[in-house]
Amino acid sequence: SGCHARDSVVGPGTGFFPFLAGAVFGILSLVLLIQSLLSRVRMEPILKEVLWKNVIFVLICLLVYAVVLEKLGFVISTVLFIGTLLRVVEKKRWSLAVSISVSATLVFWLIFQFWLRSQLPTGIFGI
């Protein structure tokens with residue numbers, strides 16, 4: 001039959017977004033590969049101007065986020081994660097970092113809870 005594990009009668013399940021994102025990234029990667037193979041312009045080294053302190057900081061933040069996600073819950077962990085990255089890496093004002101991190105977390109929570117109907121960690125505070 002035409003029904004797959006990632007589909008449901010109600011709508012897309014939890015596997016839909018990763019599947020869609022993977023398909024889009026795969027297609028875009030192929031387009032970039034073909035463009036670079038057909039281009040006669042000499043490419044500059046990609047890692048020439050990487051801000052390694054920022055890369056290491058983001059990786060540490062991701063590790064901390066993964067560790068505290070179950071304990072603090074999705075909402076608190078995600079607000080802290082996005083806010084920290086905006087404040088430290090992007091050097092945004094506190095007011096902007098807080099408003100963006102709260103807004104983005106709310107949008108993600110709504111998508112996962114109502115559209116994808118996915119369970120997110122609530123943590124010790126039940127949020």
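The values are calculated or read from the model by the stated rules, or taken from the named source; none is laboratory data. Because the structure is predicted, anything quoted here is derived from the model rather than measured. We place every Cβ from the backbone using ideal geometry, glycine too, and count neighbours over all the protein chains shown. Protein only, heavy atoms only, side chains kept; ligands, DNA and RNA dropped before computing areas. Shrake-Rupley method; radii C 1.70, N 1.55, O 1.52, S 1.80 Å.
Computed from phi, the 3J(HN,Hα) profile of the range 18-26 under the Karplus parametrisation 6.51, -1.76, 1.60 (θ = phi - 60°) reads x, 4, 5, 4, x, 5, 5, 4, x Hz, with x in place of Gly and Pro.
Each Lys and Arg Cβ is given +1 and each Asp and Glu Cβ -1; about its Cα centre, the range 1-111 then shows a dipole of about 400 debye.
Picking from 114, 101, 76, whose Cα lies most toward the positive end of the charge dipole for the range 64-127 (charges on Cβ: Lys, Arg +1; Asp, Glu -1)? Result: 101. Take the Cβ atoms of residue 35 and residue 60, set R0 to 35 Å, and the FRET efficiency comes out at 0.55.
With the helix formula -39500 (n - 2.57) applied to DSSP H stretches of n ≥ 4, the chain reaches a computed 222 nm mean residue ellipticity of -19000 deg cm²/dmol.
Remark: the chain is approximated by an ellipsoid whose semi-axes, taken from the C-alpha gyration tensor as √(5λ), come to 30, 27, 12 Å, largest first. Quick one, what does Rg over Rh come out to for the range 15-88 if you take C-alpha atoms and the Kirkwood Rh? Using only Cα positions, Rg/Rh for the range 15-88 is 1.12.
In the context of the full set of protein chains, residues of the chain present 79 Å² of accessible surface per residue (probe radius 1.4 Å, heavy atoms only). Please report the spacing between the Cα centers of the range 49-73 and the range 91-126 in Å, no decimals. The range 49-73 and the range 91-126 have Cα centres separated by 17 Å. Applying a DSSP loop filter and a limit of 14 other Cβ atoms within 10 Å to the trypsin sites (Lys or Arg not before Pro) in the range 56-124 leaves 91, 93, 117. Scalar couplings 3J(HN,Hα) for the range 93-104, obtained by applying the Karplus form with A = 6.51, B = -1.76, C = 1.60 to θ = phi - 60°, are 4, 4, 4, 5, 4, 5, 5, 5, 5, 5, 5, 5 Hz; x denotes Gly and Pro.
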